[in-house]
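Nothing in this text is a laboratory measurement; each read-out follows from the coordinates by a stated rule. In this text the structure is predicted, and so the values were computed from the model without any measurement. Glycine gets a Cβ as well: all are built from the backbone with ideal geometry, and neighbour counts include every protein chain shown.
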Amino acid sequence: MGANKSTPRKIRLMSKLKQNAAVPAWIIVKTKRRVRTNPKRRQWRRTDVGVG
C-alpha cells in the first residue's frame, strides 16, 4: 500500500488496528477465564484486512 492514504481509509485502518488487540487481563480475571481469546484477532500476514 502506498504512503498516501485518504482520510476515510485511514479511519478504517485505525479501526481494524484497534479491533486486533488482545483481550485485557482484567476481563479474563472477571470472567474466570471463560473469555480468553479475541475471535476477531487477525494476523497481518495471513488474513486480508479488506478495507478497500
Could you tell me which of the residues Lys40, Lys32 is at positive phi, loosely packed, with under 10 Cβ neighbours inside 10 Å and in a loop (DSSP other than H, G, I, E, B)?
-> Lys32
From Lys5, Lys10, Lys18, which residue is surrounded by 10 or more Cβ atoms within 10 Å (Cβ to Cβ), assigned to a helix (DSSP H, G or I) and free of Cβ contacts under 8 Å to residues at least 40 places away in the same chain?
-> Lys10
Pairs with Cβ under 9 Å, 6+ apart, first in region 27-52 and more than 15 Å from Arg12 (Cα to Cα) and touching a residue at least 12 places away in the same chain (Cβ under 8 Å), second in a helix (DSSP H, G or I) and hydrophobic (A, V, I, L, M, F, W, C) = Val35/Ile27; Val35/Ile28; Arg36/Ile28
Working carefully through the options Val49, Val23, find the one that is surrounded by 12 or more Cβ atoms within 10 Å (Cβ to Cβ), touching a Leu at 6+ places or on another chain (Cβ under 8 Å) and part of a loop (DSSP other than H, G, I, E, B).
-> Val49
